[in-house]
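Participant: Before I ask anything, let me first share the structure, which is written out below as structure tokens.
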Amino acid sequence: MKNLKTKPHKELIIKGKYKEFSDFYEKNKEIIYKSIIELFGEFKTSKEETLILHLWAKIDGMEWDTEFSFSRQESVVLSRDILPYFEENEDYEVCAEILKLKKELTL
């Protein structure tokens, strides 16, 4: 892995062989989204303005190593991008968690 610019607050290493990014993303969307939810949950106790999710996987034989930075002000990601996935999969416990977290972060 490469040297990180900053220390990640959450690191996600996904093992497996994936032929292309879409294959990787579809098979791992739930774990990636739940990691983002956890990361936003850390804003409730952290004084930091930006938190980082470091994601590593092997896709098409190459290492895919990236960081996603989220600021407190980007909590719209929860309702705009992540909530619809869990609604579609009828995982209403996670939906309730997302809505509660979004409300707590925007008060």
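Participant: Quick one: net charge around ASP81, please, counting Lys, Arg +1 and Asp, Glu -1 for every other residue with C-beta under 14 Å from its C-beta. Before the final figure, lay out the partial values.
Facilitator: Details: positive: LYS29, LYS34, ARG80, LYS102; negative: GLU30, GLU74, GLU87, GLU88.
Net charge around ASP81: 0.
Participant: For helix 92-106, what angle does its Cα long axis make with the longest principal axis of the chain, in degrees from 0 to 90 and rounded to 10?
Facilitator: Tilt relative to the chain: about 70 degrees.
Participant: Now, a different point. Once both labels are modelled 7 Å past Cα along the beta-carbon direction, what's the LYS103-TRP64 spacing in nm?
Facilitator: Spacing of the two 7 Å Cα→Cβ label points: 3.5 nm.
Participant: Report the antiparallel proportion of the DSSP beta bridges in the chain as a percent, rounded to a multiple of 5. Numbers along the way, then the final one.
Facilitator: Numbers: 10 of 16 bridges.
Of those bridges, close to 60 percent are antiparallel.
Participant: Still on this model: For the chain, count the residues as N, evaluate 2.2 N^0.38 Å, and divide the Cα radius of gyration by that value, please. If you can, show how the numbers build up before the last one.
Facilitator: Working: Rg = 14.5 Å, N = 107, 2.2 N^0.38 = 13.0 Å.
Computed over Cα atoms of the chain, the ratio equals 1.12.
Participant: With each label point set 7 Å from Cα along the Cα-Cβ vector, what nm distance links LYS27 and GLU90?
Facilitator: 2.6 nm
Participant: Follow-up question, since we're still on this one. What is the angle, in °, between the Cα long axis of helix 21-41 and the longest principal axis of the Cα atoms in the chain? Nearest 10 is fine, range 0 to 90.
Facilitator: 40 degrees
Participant: Let me spell out the model: positive unit charges on the Cβ of Lys and Arg, negative unit charges on the Cβ of Asp and Glu, origin at the Cα centre of the chain. What dipole size does that give, in debye rounded to 20? Present the calculation step by step, with values, prior to reporting the outcome.
Facilitator: Values: 18 positive and 22 negative charges, 85 e Å.
About 400 debye.
FYI, it's all coordinate maths here, none of it is from the lab. All values reported here derive from a predicted model rather than from experimental measurement. Because the Cβ atoms are built from the backbone with ideal geometry, glycine has one as well, and the counts that use them run over all protein chains shown.
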